[in-house]
Amino acid sequence: MIPFRSTLWLLAAVPLAAQPRPTPAASAEQALSIRSVVGGEQHDWSPDGTAIMFQSSLGGESGLWSIGPDGGFPTRLAPALGTVPYQSNYLPQYSPTGDWIAYASGKSGATEIWLWSPRDGREVQLTRLGQTRINSMSWSPDGRGIAFAGDRYGSYDVWMVSVPSGSVQRLTTDGRYEVFPTFAPDGRTVLYVQLDPKWVDHDIMAIPASGGASRQVTRDTNFFDYGAGRTFGYPMVSPDGRWVLFRSHRSGWINYWLAPLGGGEARALAAESADQSNARWSPDGKSVAYVANRNGTQDLRLVPASGGVPKVLVAPNGAGMVANPAWSPDGSKIAYTLGSPTAAPDLYVVAVSGGLPRRLTNSTPGGNIAQTLVTPEKVTYRSGRFEISAYLYRPASIPTGEKLPAIMYIHGGPTAQFSDNYQAQVQFFVQQGYVLLLPNIRGSSGYGRAFEDANDKDWGHGDLDDVKAGAEYLKKLPYVNRERIGITGTSYGGCMSLAAIAFAPGFFQAAVAGAGYGDWVDFYTEQEYRHVKLMDYEFGPLSPATEAIYRRSSPYFSVNQIQTPVMLVHGEGRFPNSHASKRFADELERHYKVFRYRTYPNENYYVNSLANQRVMFLDMLRFFNEYLKDQQPSKTDVATENDR
């Protein structure tokens with residue numbers, strides 16, 4: 001009998017081995033493991049064109065690495081970069097001579113400019129101003145100085161520091177923010193951006209690099225700059241010194257415009273009904289490379305500086321986002337990043353003359369994780385007078401006749417956009433058997449100014465109509481359980497989740513509000529400076545005349561209407577923080593509502609660390625499973641939650 005059993009087992013094993021094994025669902029760790037090795041900073045070519053520098057955490061801590069334009073294994077450059085404050089960057093840049101790499105860091109206790117030598121590995125602290133933030137900087141053409149915007153006196157001014165002596169000169173002293181300095185090609189003039197007190201108008205100013213009186217080159221108006229100048233960006237002077245290139249919203253789309261450096265009327269570089277970003281002059285000044293965004297897909301384009309029809313140099317294969325183009329010093333190549341809904345951004349190089357791009361880095365982990373990921377479908381649906389664009393994610397395999405729960409996933413901002421990029425949390429929930437819809441509701445960027453402004457003074461109402469219309473779209477899908485629809489999001493997505501359960505009672509069956517705010521009156525007095533500027537722009541400054549607008553959009557004052565179980569999650573321990581979720585939870589408890597409240601340590605209000613994101617993903621999954629799949633948490637889960 002034993003041989004017979006053995007033979008039978010072996011015969012049965014042969015066809016089973018030939019069967020394709022089902023791909024396991026990605027865990028929270030795997031979904032979070034897909035991260036770009038290139039980092040979020042602008043990469044930079046070495047002056048001799050033999051290497052491309054990029055910021056990365058490849059070695060554990062954030063550092064600077066380089067890779068050749070033909071590929072190979074990256075080489076580590078500068079040691080650990082230290083930290084920078086919230087909403088700040090390292091800004092790494094080669095000097096024009098290649099003798100130094102400059103970057104900003106708080107490793108000394110204040111944010112200062114540091115130099116690292118690629119030739120001998122020396123590291124030098126260049127500035128010692130004791131400032132909190134440096135938001136922008138540029139090398140002089142001769143490599144003997146750096147112009148930067150620092151907040152030493154409580155408002156951003158433009159400074160000049162000599163290299164390598166470290167002697168500094170304050171060039172501007174206006175109380176308004178003066179940011180994003182850059183040099184004219186002759187090195188004698190510094191251009192910078194001066195914001196008005198509302199962060200809506202931008203003056204491009206010119207000042208002698210040695211100091212003196214400034215003059216206005218051109219003015220751009222009615223372009224709210226949530227990033228304190230970052231949205232507008234650097235004014236970029238043409239290599240011949242005749243023109244300055246800048247972003248503007250004046251056409252109803254964010255396009256690039258050219259103004260004469262000596263003064264005069266501006267003209268559009270390549271007018272189109274799409275938002276443009278990341279523009280760079282070619283070294284010879286004959287062309288401009290830029291990125292165009294159409295419905296979340298970004299391609300790389302070239303246009304003659306004199307005007308003409310843009311040429312698409314790199315377009316994603318299907319969905320994807322090209323970003324951060326950088327010309328090689330000889331102008332023959334462009335390095336850029338490319339990511340997609342199933343891949344983190346990697347570094348590529350393409351010849352300007354055309355041909356296939358060369359991929360230099362690979363951020364995709366091994367273990368066939370990529371095979372588990374879902375490519376979303378772009379869909380549209382009607383909401384009143386608007387057509388709403390959205391991303392539909394659904395599990396790759398749905399058994400015939402099965403009805404799955406669905407989640408409306410709302411982006412932050414509200415002036416932001418879902419695009420063709422990787423969404424770890426979305427991919428995780430799709431793997432767990434959920435259908436997700438990511439809508440670009442009214443107020444989103446990327447669809448023109450009229451659409452972006454359509455939710456002004458109306459947060460949580462008109463845009464909530466778009467969210468509800470998205471839920472109705474989901475309910476019509478044959479594989480969606482129309483009785484099990486949830487909602488979630490972070491920042492404004494968390495705010496919308498709270499608004500949805502307060503202003504549309506019972507419409508959703510579960511909600512998770514990530515780092516949300518429920519009381520805009522309280523928000524105005526509690527939050528950081530840029531958030532106050534946002535509220536001034538969106539609602540008007542808080543006053544007796546505008547308070548009704550703030551209160552109408554605040555779900556905190558309608559907690560008594562809530563019927564939907566809600567979970568509130570946020571980080572705590574670091575700046576910027578908020579008591580908004582705790583206040584909302586207390587109000588829920590006061591009204592005997594069904595809710596959960598979770599916090600994650602050593603974070604600002606938003607949960608960023610991989611370890612805490614993993615725990616948060618699992619907390620959210622248990623909550624949604626309980627209320628959208630009727631799965632009661634295990635005793636272990638309950639014990640874990642009670643310990644938190």
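With the Cα gyration tensor of the stretch 29-139 in hand, give its eigenvalues times 5 under a square root as the equivalent ellipsoid semi-axes, listed largest first in whole angstrom.
Semi-axes (√(5λ), whole Å): 22, 19, 11.
Along each of its three principal axes, how wide is the spread of alpha-carbon positions in the stretch 37-97, in whole angstrom units, largest first?
Principal axes ranked by extent give 34, 25, 17 Å for the Cα atoms.
Using a Förster distance of 25 Å, how high is the FRET efficiency between Asn602 and Ala80, based on the Cβ-Cβ distance and rounded to 0.05?
The formula returns an efficiency of 0.85 here.
For the chain, which whole-number percentage of the solvent-accessible area (1.4 Å probe, protein heavy atoms only) is attributable to carbon and sulfur atoms?
Carbon and sulfur together cover 50 percent of it.
Going Cα to Cα from Lys403, which aspartates and glutamates come in below 14 Å? Please leave out same-chain ones fewer than 8 positions away.
Glu483, Asp630
Determine the calculated [θ] at 222 nm for the chain from helices alone, applying -39500 (n - 2.57) to every DSSP H run no shorter than 4 residues and normalising by the residue count; nearest 500 deg cm²/dmol.
Taking each H run of at least 4 residues, the total per residue is -5500 deg cm²/dmol.
Dividing the Cα radius of gyration by the Kirkwood radius, what Rg/Rh value follows for the stretch 274-369?
That ratio equals 0.99.
Output the Kirkwood hydrodynamic radius of the stretch 162-236, Cα pairs only, in Å rounded to one decimal.
Hydrodynamic radius (Kirkwood, Cα only) of the stretch 162-236 equals 12.9 Å.
For the stretch 612-629 and the stretch 212-257, what is the separation of their Cα centres, given in Å?
The stretch 612-629 and the stretch 212-257 have Cα centres spaced 44 Å from each other.
7 Å from Cα along Cα→Cβ at both Ser397 and Lys107: what's the point-to-point distance in nm?
5.0 nm
Using a 1.4 Å probe and ignoring any ligands, DNA or RNA, find the accessible area of Phe595 and quote it in Å² to the nearest 10.
Its heavy atoms expose roughly 50 Å² to the probe.
Take the Cα atoms of the stretch 372-479, find their three principal axes, and give me the spread along each one in whole Å, biggest first.
The Cα atoms of the stretch 372-479 stretch 43, 26, 19 Å along the principal axes, largest first.
Suppose all protein chains stay in the model; what accessible area per residue would a 1.4 Å probe give for the chain, in Å²?
Here the per-residue accessible area is 41 Å².
Going by average Cβ neighbours within 10 Å, how do the peptides 362-375, 264-277, 140-153 rank, with the highest at the top?
Result, highest mean Cβ count within 10 Å first: 140-153, 264-277, 362-375.
Give, to the nearest whole percent, the P(r) tail of the chain beyond 47 angstrom, counting all Cα pairs.
So the portion of pairs separated by more than 47 Å is 18 percent.
Net charge near Glu452: determine it from the other residues with C-beta under 12 Å of the C-beta of Glu452, scoring Lys and Arg +1 and Asp and Glu -1.
Residues near Glu452 contribute -3 overall.
With the cut-off at 24 Å, tell me which of the pairs Lys107/Lys198; Lys311/Lys333; Lys468/Lys629; Lys378/Lys475; Lys107/Lys333 have Cα atoms farther apart than that.
The pairs that break the limit, which is 24 Å between Cα atoms, are Lys107/Lys198; Lys107/Lys333.
Using alpha carbons only, how many angstrom separate the centre of the stretch 406-458 from the centre of the stretch 69-97?
Each part reduced to its Cα centre gives a spacing of 31 Å.
What does the charge count near Gly241 come to, summing +1 for each Lys or Arg and -1 for each Asp or Glu among other residues with Cβ under 14 Å from its Cβ?
The answer is -1.
Using the C-alpha atoms of the stretch 489-539, what convex hull volume per residue, in cubic angstrom, is computed?
Convex hull volume per residue, Cα atoms: 76 Å³.
If you bin the C-alpha pair distances of the stretch 516-589 every 10 Å from 0, what whole percents do you get?
Taking every Cα pair in the stretch 516-589, the percentages come to 18, 48, 30, 4.
With the convex hull built on the Cα atoms of the stretch 275-330, state its orientation-averaged projected area in nm².
Mean shadow area of the hull around the Cα atoms is 3.9 nm².
How far is it, in nm, from the label point at Phe575 to the one at Phe557 when both lie 7 Å from their Cα along the line to the Cβ?
Once both label points are built, they end up 3.1 nm from each other.
Around Pro208, under 13 Å between beta carbons, what's the net of Lys plus Arg minus Asp minus Glu among the other residues?
+1
The values are calculated or read from the model by the stated rules, or taken from the named source; none is laboratory data. As the structure is a computational prediction, the values presented were derived from the model and not from experiment. Neighbour counts run over all protein chains shown; Cβ positions are idealised from the backbone, glycine included. These area figures cover heavy atoms from the full protein model, side chains too; ligands, DNA and RNA do not enter into them. Shrake-Rupley method; radii C 1.70, N 1.55, O 1.52, S 1.80 Å.
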